[in-house]
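A short worksheet on the structure shown next.
The values are calculated or read from the model by the stated rules, or taken from the named source; none is laboratory data. Keep in mind it's a predicted model, so treat the numbers as computed, not measured. We place every Cβ from the backbone using ideal geometry, glycine too, and count neighbours over all the protein chains shown.
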Amino acid sequence: MQFMIPQKWSVLALAASALCAASASAQSMFDALPPLPKVIPMMPPTELHSDTQGEIKFKSSSPYDLDVLLSQPAKAEPTMGMGKLFLPKGASAKKQVPAMVVLPGGAGAIPGRENETAQMLADNGIAALLVDNFKPRGISEEMPYALKVMGTSEFDAVADAYAALKALNKHPAIDGWRIGVMGFSKGGIAARMSMDARIRDKLAPFIQPFALHVDFYGPCYSLLQSRKTTGAPLLSFRAGEDASNDLVACAQQERILREAGSEVSTVVYAKAGHDWESDKPREMTNRPYLAGCTIEFNDKDFPVLNGQPLIPAGAQADRQTRYKIRVQSGKALGDCVKVGYMAGRDETARSLANKQMLQFLKVKFEQ
């Protein structure tokens, strides 16, 4: 695997906009958020045939936090999973193809990134299911960015990923032994967290796990401390000028995953920033991120910052309660919150990453 090492390694501790959010101004923005929308009513899952593609539905859930996912899964609100399936030409029950579950970033699918990547995969013989984390949870494209970020969590995305894995296993044209998961930014966090064997055992214990994982610049502020992975490999993409990714913290997480049983390859593009596939021009954003703090998980699976749990003991497990707790938790971060990191289109990084990802998939899927 090719490594591109930046001249100056950032010692920031990455993007918290996907989790807690807030300088004084950002906290006031989150304090003004309305209650969570209700999830949409459950509908029958899509009946999958060998030629089924386009919009599909499948059963999922909304645990919101890790302790609910692992210890109180029955309290995770049932949710209708949704996504758009891209099927390669010629795929059939007699000619099964591999597939990737594609998880969007905190703002959802953005122009130039998720849809284009899914189509690129299909053009190269790999089916792609682009998951919609928002619509099933009552969040529309017109709603504020802050509500999108806080209204769905990384653990909701993990639940959707495994729900999509189970759905794809029922598709006659897809080889259930060759299904991977990838994600961008917040979706990258979920793709990486889904390697944890405990999570797989709770969400999809009776089918084969993901065959591989790909993380596109998923911030590393949450230290899951996985003791055992599913054994599937990870390809991790980072950028040297993306302050939202602390390269030192990400390297630590990748070391933990190696020790827990997975092969991990890392590619760092020295001059790239965040969202390098985006159609937006490269610029310094005004988004918040976390610097100098690491959120860990205690023996109760609650997030902890500097020894203090961010979820009170005995907190109710419903989404509305956990959403309110997370909105308010920004106050505990204090000086750890910074604002502004480089993001936007970088054609060199985009082209190289696509080539390297496809090579990784073809080798691991043994195409």
Flagged in region 216-231 as surrounded by fewer than 21 Cβ atoms within 10 Å (Cβ to Cβ), touching a Ser or Thr at 6+ places or on another chain (Cβ under 8 Å) and in contact (Cβ under 8 Å) with a residue 40 or more places away in the chain, in numbering order, are Leu223
For Ala99, indicate whether it is touching a Phe, Trp or Tyr at 6+ places or on another chain (Cβ under 8 Å) and closer than 15 Å to Leu168 by Cα. no
Closer than 28 Å to Gly334 by Cα, at pLDDT below 95, among the β-branched types (Val, Ile, Thr) and surrounded by fewer than 22 Cβ atoms within 10 Å (Cβ to Cβ) - does that describe any residue in region 281-290? yes
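Within the group Pro205, Pro209, Pro172, which residue is over 25 Å from Asn286 (Cα atoms), touching a His at 6+ places or on another chain (Cβ under 7 Å) and assigned to a loop (DSSP other than H, G, I, E, B)? Give the steps one after another, and end with the answer.
Details: Pro205 fails: touching a His at 6+ places or on another chain (Cβ under 7 Å); Pro209 fails: touching a His at 6+ places or on another chain (Cβ under 7 Å).
None of the others qualify; the one that does is Pro172.
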Go through region 93-138 and count every residue that is part of a loop (DSSP other than H, G, I, E, B), free of Cβ contacts under 8 Å to residues at least 60 places away in the same chain and not hydrophobic (A, V, I, L, M, F, W, C). 3
Cβ contacts < 6 Å: first residue within 14 Å of Pro63 (Cα to Cα), restricted to region 302-330; second residue basic (Lys, Arg) and assigned to a helix (DSSP H, G or I), any location; separation 6+ or different chain. Result? Ala317/Lys75
Unique residue being modelled with pLDDT of 95 or more and surrounded by fewer than 18 Cβ atoms within 10 Å (Cβ to Cβ) when the list is Glu142, Glu116: Glu116
Odd one out for Glu142 among (1) over 17 Å from Ala190 (Cα atoms); (2) touching a residue at least 12 places away in the same chain (Cβ under 8 Å): (2)
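Conditions tested, residue by residue: (1) closer than 24 Å to Ile110 by Cα; (2) crowded, with 17+ Cβ neighbours inside 10 Å.
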residue	(1), (2)
Gly292	no, no
Phe302	no, yes
Ile311	no, yes
Gly334	no, no
Lys338	yes, yes
Gly344	yes, yes
Subset of region 285-304 (residues that are over 26 Å from Met342 (Cα atoms) and of a type outside the set (Asp, Glu)): Phe297, Asn298, Lys300, Phe302, Pro303, Val304
Look through Pro205, Pro172 and report the one residue that is within 19 Å of Ala76 (Cα to Cα) and surrounded by fewer than 21 Cβ atoms within 10 Å (Cβ to Cβ). Pro205
In the list Ala164, Ala190, which residue meets the criterion of being more than 21 Å from Glu277 (Cα to Cα), under 17 Å from the mean Cα position of the chain (by Cα) and either in a helix (DSSP H, G or I) or among the β-branched types (Val, Ile, Thr) (or both)? Ala164
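Inspect region 245-258 for any residue being of a type in the set (Lys, Arg) and touching a residue at least 40 places away in the same chain (Cβ under 8 Å) and give the result as yes or no. Quick ask: steps written out before the conclusion?
Of all residues in region 245-258, those of a type in the set (Lys, Arg) come to 255, 258.
The next check asks that each one be touching a residue at least 40 places away in the same chain (Cβ under 8 Å); those that pass are none.
Within region 245-258, not a single residue is of a type in the set (Lys, Arg) and touching a residue at least 40 places away in the same chain (Cβ under 8 Å).
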Among the listed residues Asp201, Asp175, which satisfies the condition of being out of contact with any Asp or Glu (no Cβ under 8 Å at 6 or more places or on another chain), acidic (Asp, Glu) and without any contact (Cβ under 8 Å) to a residue 60 or more places away in the chain? Asp201
Selected residue (criterion: modelled with the highest pLDDT) from residues of region 145-160 that are assigned to a helix (DSSP H, G or I) and β-branched (Val, Ile, Thr): Val158
Yes or no: region 286-294 includes at least one residue that is among the β-branched types (Val, Ile, Thr), in contact with a Pro (Cβ under 9 Å, 6 or more places away or on another chain) and in a loop (DSSP other than H, G, I, E, B). no
